[in-house]
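Everything below concerns the one structure shown next.
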Amino acid sequence: MGAAERELLLDAFDSNWIAPLGEHVDAFEAECSAYLGAKDAAALSSGTAAIHLAFILLGIGHGDRVYAPSFTFTASVNPILYVGATPVLIDSEAETWGMDPELLAEELEKDAREGTLPKAVMVVHIYGQASKLEEIALLCAKYGVVLIEDAAEALGTFHSGKHVGTTGRIGLFSFNGNKIITTSGGGLLVSDDADLVAKARHIGSQARISGAGYEHDALGYNYRLSNLLAAVGRGQMQHIEDRVAARRANFEDYRNRLNQVEGLSFLEEPEGDRGTRWLSVVNIDPKVFGATPEQIRLKLEEGDIESRPLWMPMHMQPLFRNARMVGGEVCEALYRKGLCLPSGSSLKTEDRERVMEAVEACAAPGIRS
Ligand SMILES: Cc1ncc(COP(=O)(O)O)c(C=O)c1O
C-alpha cells in the first residue's frame, strides 16, 4: 500500500460513502475497463463471486456441464458446484500450463457427435501466464460453446496484443490480498456486453429494483465491492505496470541464475505473450537436482524464506474425486515437480540472491554447475 491508496481511502472514509456503492466504485470500474480495453466491468466482493455470477448470468445450472482445467485453485471450479452443474476437468499442456486445446478439441468433437456439448468452457490463466486462448476461443466458436476466462491471477497479462480476460464472453479478476494488485479482498467481472455487466451489478446487489422500496425481481446475492475497498483499488491500479515489471524482474533473476543448475528449469514465455509472472515457479527434477520440492521448501523455511507447492490439481482433491478427468499426466507432473518461489513485488535483488543461494545449497554435492 502506498500514498495514493491512503489518500483515496481517506477520501472515501471522509465522504462517509462506505456502502457497496459510491463514486470510488464507479471510478474503479471505469479505470479497470479502460486499462483492460473492455467495454464494462463490475467491481465485486471477490473473484469467486465473479465466477459464481458469470455462471448465473449465462444460465448455467443443474444438468449442465462446464469444461475447466484441473490445474487451478479450487475457487475456479467450486462455483460450478454452487450452481449445481457438473465439472469436466481437462489436463494442461506443457507450454503454458493452461487447458490443453487438443484434448478439448477431442472432447468437443465427441460431444458434437453425441449431442452432449457443454454449456461453457472456462480457461484459467495460471500464475499470470496466458493459456492457449486463441485456439480455445476458435474451438468454442466452432461448436457454439460460451467461453469464460478466469484471469484471477493474470491482471496485466497480454496474449496476442490483448489483455487476457477480454476475449471470452465474460472474464474475471481477483483483488485478493495475494494478487498483483489488491483491495484486500475483491473481484471484477468484465465483458464487452454492457447489458450482461449491468445484470451482474443487479444480481450482485440482491437483485433489488432501484427506487426507495425493497422489491427484488430475481434471486440476488450480496456481491458488490465496498466504496472503501474500491478507493484502495484505484490507488493500486496506478501501480499495475510497475508491479508487473517487478514480478517479471523476480522471474528473470531466478531464471537467469537457477536455469544454470542441472535439474532446475522454468516455464518459457511463448512468443507474443506478456505474462505477469504473478508467481515465479521453478521446476525441479529431484533425480538430477538431488532434492525434492518439499525438501527444498522445508530447507528454505529454516532460513525464514516462504515458498509454496503448486496448486494441487482438482482431480486429485476429494471434492472432485468423482468428476470426469480428461488426461492428467501433465498437471500431475507439474504439481509434483514445481515450487513457487518468493514473488512479491517489493523483493530486492539481495532478497532474491538469498533465496537463490538457499535453493542452490539444496543441490546434491557435485551436481551444481
Ligand atoms: C485461479 C483463481 N481463480 C479464482 C480465484 C478466486 O479469487 P478470490 O480469492 O478473489 O475469490 C483465485 C484466487 O484467489 C484464483 O487463483
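What to note about this one:
- Stretchable slack from Ala361 to Glu302, in nm (0.36 nm times residue separation minus alpha-carbon distance): 20.0 nm
- Remark on Val326: its backbone amide H falls under 5 Å from those of Leu89, Ile90, Asp91, a criterion applied only to residues 5 or more positions apart or on other chains, H modelled at 1.01 Å from N.
- CD proxy at 222 nm, helix term only [per DSSP H run n ≥ 4: -39500 (n - 2.57); per residue of the chain; nearest 500]: -12000 deg cm²/dmol
- Phi-derived couplings, Karplus 6.51 cos²θ - 1.76 cosθ + 1.60 at θ = phi - 60°, listed residue by residue for the range 204-219: x, 10, 6, 6, 7, 6, 5, x, 6, x, 10, 10, 10, 9, 6, 6 Hz, with x used for Gly and Pro.
- Cα gyration tensor shape for the range 212-320, rounded if a/c is under 1.5, else prolate or oblate: prolate
- Peptide ranges 95-105, 352-362 listed from the most packed, as the mean C-beta count within 10 angstrom indicates: 95-105, 352-362
- Extension gain from Lys287 to Ser160, taking 0.36 nm per residue of separation minus the Cα-Cα distance: 42.0 nm
- Beta bridge orientation in the chain: antiparallel %, DSSP, nearest 5: 55 percent
- Phi-based couplings in Hz for the range 151-167 (Karplus 6.51, -1.76, 1.60; Gly and Pro marked x): 10, 3, 9, 9, 5, x, 8, 10, 9, 6, x, 10, 4, 5, x, 10, 9
Coordinate-derived values only; no laboratory data. Please read these numbers as outputs of a predicted model, since none were measured by experiment. Neighbour counts are summed over all protein chains in view; Cβ atoms, including those assigned to glycine, are modelled from backbone coordinates with ideal geometry.
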